[in-house]
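Reading through the structure tokens given below for one structure.
The values are calculated or read from the model by the stated rules, or taken from the named source; none is laboratory data. Bear in mind that the values here come from a model prediction, so they are computed numbers and not experimental data. Cβ placement follows ideal geometry from the backbone for every residue including glycine, while neighbour counts extend to all protein chains displayed.
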Amino acid sequence: MLPDASAASLTPFVASSVAAGAIVHTDGWQGYSRLQAAGFDHRPRKQRARFPDREWVLPRAHRALSNLKTWLQGTHHGVSPQHLQVYLDEFVFRHNRRRTPLAGFQTLLGLGATHEPTAYHQITRRQPRSRPAEQSG
């Protein structure tokens, strides 16, 4: 996970994730300013949010992120960093099956039938709390 969106964080991330010399298309964020010096063919384009009738650089990516934000804020009313990955996994699962909802349901049924339930401590990576001894009466 990136600590922030600064050039000091983004440049090493891109260098470790993208092949050297690749063409990298980004928006006009200054955090990408060091990509050219790092050996990438950086092609920034500023978004024109104030002018919706003009072409967006990455329209599908912007739409997907917008849908994610709306879903997180509307359905879950916010998410803590501790559980973010689980919510992202759910969003990707739903997004990938958005055109075939029955297939998503069938996949969930199949997964539920073949896998053990995931415990809360597995999701959060916390140690499970020990339960007090049952009192016999």
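Odds and ends about this structure:
- Filtering the stretch 40-59 to residues that are modelled with pLDDT under 85, of a type outside the set (F, W, Y) and closer than 18 Å to W29 by Cα leaves R45, K46, Q47, R48, A49, R50, E55, V57, L58, P59.
- Cβ-Cβ distances below 6 Å connect the following pairs, each with a first residue in the stretch 16-41 that is over 15 Å from A5 (Cβ atoms), a second residue that is among the hydroxyl-bearing types (S, T, Y), and a separation of six or more residues or different chains: A38/T11.
- Any chance V86 is β-branched (V, I, T), over 26 Å from W29 (Cα atoms) and in a helix (DSSP H, G or I): yes
- If the condition is being assigned to a helix (DSSP H, G or I) and touching a Ser or Thr at 6+ places or on another chain (Cβ under 7 Å), then the stretch 2-31 contributes A7, G31.
- Yes/no for R34 being in a loop (DSSP other than H, G, I, E, B), more than 21 Å from the chain's Cα centre (by Cα), modelled with pLDDT of 90 or more and of a type in the set (K, R): yes
- Scan of the stretch 87-121 for residues that are over 21 Å from S66 (Cβ atoms), of a type in the set (V, I, T) and surrounded by 12 or more Cβ atoms within 10 Å (Cβ to Cβ), ordered by number: T107
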